[in-house]
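The block underneath contains the structure these notes are about, expressed in structure tokens.
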Amino acid sequence: MPRHSTFCGLLAALVLLLAAPPGHASPRVEPCDDPPGTVCGSIQVPLDRSRPAAGTIPIFFALVRHSAPGPAIGTILAAEGGPGVSSTASSDFFAWLFAPLLDRRDLLMIDLRGTGRSAAIDCPALQHGVGEQLAAVRACGAQLGASASLFGSGDRAEDIEDVRAALGIERLDFYGLSGGGLQVQAYAARHGNRLRTAVLDAPYRVGYDDAFQSPVTRALVRSAVLVCERSPSCGAADRHPRRTLRRLLERVRARPVTGTALDADGHQLEVVVDEARMVDLLADTSGGFLDASEISAAGRALEHGDPAPLVRMAAETDGPAFTDQGDPRFYSDGDFVATFCTDGVFPFARPAPEATRRAQYEAAVARLPRHAFAPFSVTAWLGSAVPPADDCVPWPPSDDARPAIPPGASFPGVPALALTGDLDTSVASESVAAVAARFPRAQLVTLANVGHVTAPASGCARALIARFMETAAPVEASCAARFTPFYAVGEFSRRAGDAAAAPADREGHDASRVTDRRVAAMAWAAAYDAIQRTFRMSGETGAGMRGGSFTLTRADAKLDLTYERVRFARDVAVSGRAHVDFDTGAVAADLDVDGPGREDGTLRVAGPLFPHTGPVPARGVIDGRRVAVLVPSA
């Protein structure tokens, strides 16, 4: 991320004084080195618009000027999410996203109040994960005092309008991602006449959609089921992954699974997998939906008396939810809480003192029907890290917070594009559809095999956004249904004899037996499993599923692994090397295979691995016989 310092003075001759409408002072806008390639400035706005004498707060902004000669034909406003993330710190991402349009359009980024260089909220205990979380929230609220309710999307909408007016911009093409999508709604409900288009990428409805984030229950199940169904490996092994998941939930609800396993860096941990932990696992999308890609096979392994895959999964994601968030100028956890506690909808009275709020919250929980969060129990759902339902109980009481969406607000008839990924486990697609329904001229696009926030992950989404902003008209979106699958494990076989044999490659002159092809499948599974672990590793040494170790070297977009008797199945050990080039997506692995009995030999696996478009050829010799098979990549 760029340093947060503004370059001033050296290019004073290029200072721009922009025309502003009457009543707004023209801000001083200067070339910046942070964000690089921009001009930037700030304006002062009232901290509390109902009490102008209470002081002001700076609102920092940065502009990427259009590259073509002549005046700009429009201005794109890009808002980051979180809430709490600095929009100007994401200038490289936004410039990349909107590159096709920046020849004739300017790009404006505003650090919303409480973020970035707009007086980022810095509550030390909350920001750095010190002590108990609710105590840190309470301390942050006390630190903000009377201003605790002044960081909601309603106040920010007025800040955005002040910046727009001060810069003399007639209308905006407003893009907001995640929490920024709620900001688009807040602005549209108040100043819709100043929008040309609105693009909402995985937008929240309000706060976290409801007090308990209940729409996400469907999203968690849907994501795990789709990842398996769309993977040739998992889809063939489990025809009913939804049923498998329900059985797994029932099992851990009745008898939690305990055990010891190594995390991705080889550290041994003792874990307990109960139903609440299952919620957290399903919500974890790290490593490219790694948990979703293994949950079906882990559930079936547990049914057959093998808890190891599930216990390892829990060990790999066993980090504390309350952690150090780093520099608040890039992401402010205090701002997240201040915004959430102002925008959110809660089962308690905002003006009430904390003790009353707590009693009202507990009473609301007691009234929840047993199936409120099906297929998860109420106890498990509220005991997980997913819904921050009671985070705002200790926040300072307030009766004057401006709602994100004013009561009875009407939304403008401007062209709007709402985007959602069907694997999104943060904002359910149903919630995005509800947001789209607020706009009379909205187009809703669901992108297959995409998670939370579509633009970073999907070339289709980026093309749709650019086309939509260019034309301000509905876009042809057939690309949204096309996808390449994630890899999902078919079976966690304990022995080669239990494994499905890799299919023979007709082009490779295969002379193997079924046992050879089973060993080949488990040899590649061990090598590929280690590659998958690298997406979670922070160090250089990892562990095999059932033994052995590997070391890792990273260089740019290259990955080199050295295996030392790594095992996916107990009776097949793999040594050797693998090289992965993420620029080309290719893998080249040379493996020494030590299988059961005489099932020893060598195997070379080479071909396209990422994205997962098809199986990879594997060639070698096992027990003296030529092996030519196709091993799975998805």
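FYI, it's all coordinate maths here, none of it is from the lab. All of these numbers come straight from a predicted model, not from anything done at the bench. With ideal geometry, Cβ positions are generated from the backbone for all residues, glycine too; neighbour counts draw on all protein chains shown.
Rank the residues S377, S223 as a footprinting-exposure proxy: fewest other Cβ atoms within 10 Å of their Cβ go first.
Exposure proxy ranking, most exposed first: S377, S223.
How far apart, in nanometres, would the label points at H509 and T553 be if each is projected 7 angstrom from Cα along the Cα-to-Cβ direction?
3.4 nm
Which of the listed residues, P617, A189, G413, is farthest toward the dipole's positive end in the chain, when Lys, Arg count +1 and Asp, Glu count -1 at the beta-carbon?
G413
So how do R554, R218 line up by other beta-carbon neighbours within 10 Å, fewest first?
The most exposed by this proxy come first: R554, R218.
Can you show me the helix-derived [θ] at 222 nm for the chain, built from DSSP H runs with n ≥ 4 at -39,500 (n - 2.57) apiece and divided by the number of residues, rounded to the nearest 500.
Helix-only estimate at 222 nm: -9500 deg cm²/dmol.
Given axes a ≥ b ≥ c from the Cα gyration tensor, I'd like to know whether the range 197-250 is rounded (a/c under 1.5), prolate (a/b larger than b/c) or oblate.
Taking the square roots of the gyration eigenvalues as a ≥ b ≥ c, the range 197-250 is oblate.
Points 7 angstrom from Cα along the Cβ direction at A146 and T484: gap in nanometres?
Roughly 5.8 nm, to one decimal.
What shape does the range 497-631 have by the C-alpha gyration tensor, where a ≥ b ≥ c are the square roots of the eigenvalues, rounded means a/c under 1.5, and otherwise prolate means a/b greater than b/c and oblate the rest?
The shape class here is oblate.
Efficiency by 1/(1 + (r/R0)^6): what FRET value for T356 and Q268, r their Cβ-Cβ distance, R0 = 51 Å, to the nearest 0.05?
The formula returns an efficiency of 0.65 here.
Could you give the dipole magnitude of the range 497-631 about its Cα centre, charging the beta-carbon of Lys and Arg +1 and that of Asp and Glu -1, in debye to the nearest 20?
240 debye
Rg to Rh for the chain: what is it, with Cα atoms only and Rh by Kirkwood?
Over the Cα atoms of the chain, Rg/Rh equals 1.01.
Give me the extension gain from D400 to E250: residue separation times 0.36 nm, minus the current Cα-Cα distance, reported in nm with one decimal.
Full extension of this stretch gives 49.5 nm more.
Could you give the size of the charge dipole of the chain about its Cα centre, using +1 on the Cβ of each K and R and -1 on the Cβ of each D and E, expressed in debye and rounded to the nearest 20?
1380 debye
Sorted by packing (mean other beta-carbon atoms within 10 Å per residue), highest first, where do 521-528, 32-39 land?
So the peptides 521-528, 32-39, ranked by packing, come out 521-528, 32-39.
When the Cα centres of the range 594-634 and the range 236-315 are compared, how far apart do they sit, in Å?
The distance from the Cα centre of the range 594-634 to that of the range 236-315 comes to 27 Å.
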